[in-house]
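Worksheet for the structure shown next.
The values are calculated or read from the model by the stated rules, or taken from the named source; none is laboratory data. Since the model is a prediction, treat every value here as computed from it, not as a measurement. Backbone-built Cβ (ideal geometry, glycine too); neighbour counts: all protein chains shown.
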Amino acid sequence: MRPQRGPPRAAPPQTVKQLLKELRQQKSREGVRSPVLALPSLPSPRPSDGAPWPLAPAVTPSLCAVPHGSPHGSPGGAHGGRASGARGFQAAAIPGPAWPHPAVPWGEFGAPLLRREIRDPYPEPQDLAAARAALGCRDPRELLQQDEEGDTLLHVLCAGGHWALARAAAEALRDLGGLEVREHLGKTPLLVAAAAAAPEIVRDLLVLGANPDAADHDGRTALHLAAAYGHPEILQAMISSGVPVNVEARNFEGQTPLHCAVLAHNASLQGGYSPTGGSGGGSPTPQDQFRCVELLLQMGADSSSQDTKSSLTALHLAVRGGNLALAHLLLRQPGMAPRLVNMKAHGNTPLHMAAALPGTPSQEPLVRLLLAWGADPSARNLEHDLPQSLVPPGAPGDQLRLLLRSHRGSHRPPPTAE
């Protein structure tokens, strides 16, 4: 082993992967931020001739240690800003929500529960001032430097949920292209903040110009991540930013964010959900996942969109998962039920899928619900099977087959959605 030459190297800053792993291990302390954040020290970049860049004056501990106080003000504030650099921030108005769609009714299956409220668009003034001062002592090119996993300082701050420092870093990097730098998995700082359940940072990045439709190497946008991880507060932050976003974006599995939200809610009802890549904010609850579906519908997500691999709609997925609550929600969307209830995925309607469920407690209620909304029991799939022929054997199946037979020939239009 060669002896090390020169002064010892400084310990590298924590990577995004490490920070997200730590956050997942702190479920019981969710929403609690460390009282003090020391700004990581990064190695200085060098120009092409090998000479070091002139370094800024050393930052004193009083400027680098930025406290994070309690929330201030009321959620949903309408102030944002633009900056030409790390200092000199000028306040400006953030446009209101750009979603002209009516609110989705809660019904008896949802609950307006969020793990954490979204605070005003500003951190505590003293925190933000200290963060800008700390970052103002650094060469901007140093802030763009990436570690071995491609993370910049802004990635790390987003992953840690350090609001004031992340905002100050985003202001400094905005005009240098730093908001779109990607780490080794293709995540921009916005995607990291979405995965880490940092709604204030997400809203700040969007207002400062981050691309809302940026996708990682799996084709997942911030909407996909929020939906899959069960972060309704991220969706609310994106709405409150007023920045238009493509709610029909597809990941590399051909799924929209609504597909991901339905799958996640199905899984959460069956004992938990841990999507690939891990969640930064602890285990989501079924209420969180349900709220994600509601918010996506409020943002204009099309519940009749079919994934590009299996042609499944959100209703197909909900029925296949035995998810009576989501089936109710999707069918209640104004104007959707007449077409949605009889759409086919490789020949199977949602009624075919409900009939084929393996005798779950929600099977008969799902069949009755679909029939009430106009599902056609005489529809045949690609194997020419009727829904009644897919019902599992046994006494409960016999009753279900009788129910389906009794509705054949008496197919009626669905009720009007309220």
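Figures for the structure shown
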| quantity | calculated |
| --- | --- |
| Residue within the range 154-177 that is in a loop (DSSP other than H, G, I, E, B) and at pLDDT 95 or above present | no |
| Test result for L312, in a helix (DSSP H, G or I) and buried (at least 21 other Cβ atoms within 10 Å of the Cβ) | no |
| Of the criteria (1) assigned to a helix (DSSP H, G or I); (2) at pLDDT 90 or above, which one A134 fails | (2) |
| Inter-residue pairs, beta-carbon under 8 Å, first without any contact (Cβ under 8 Å) to a residue 60 or more places away in the chain and closer than 14 Å to D213 by Cβ and in the range 169-195, second acidic (D, E) and assigned to a helix (DSSP H, G or I), 6+ apart | T188/E180 |
| Qualifying residue in the range 388-411 (condition: outside any loop (DSSP other than H, G, I, E, B) and within 18 Å of L340 (Cα to Cα)) | no |
| Boolean, P334 is modelled with pLDDT under 95, in a helix (DSSP H, G or I) and surrounded by fewer than 19 Cβ atoms within 10 Å (Cβ to Cβ) | no |
| Matching residues, the range 209-239, being assigned to a loop (DSSP other than H, G, I, E, B) and either in contact (Cβ under 8 Å) with a residue 60 or more places away in the chain or within 20 Å of P284 (Cα to Cα) (or both) | R220, T221, G230, H231 |
| Which listed residue, of L386, L390, L371, L404, is more than 32 Å from the chain's Cα centre (by Cα), within 25 Å of S311 (Cα to Cα) and without any contact (Cβ under 8 Å) to a residue 24 or more places away in the chain | L386 |
| Enumeration of residues in the range 173-209 that are within 16 Å of M238 (Cβ to Cβ), surrounded by fewer than 24 Cβ atoms within 10 Å (Cβ to Cβ) and touching a Leu at 6+ places or on another chain (Cβ under 9 Å) | L179, L208, G209 |
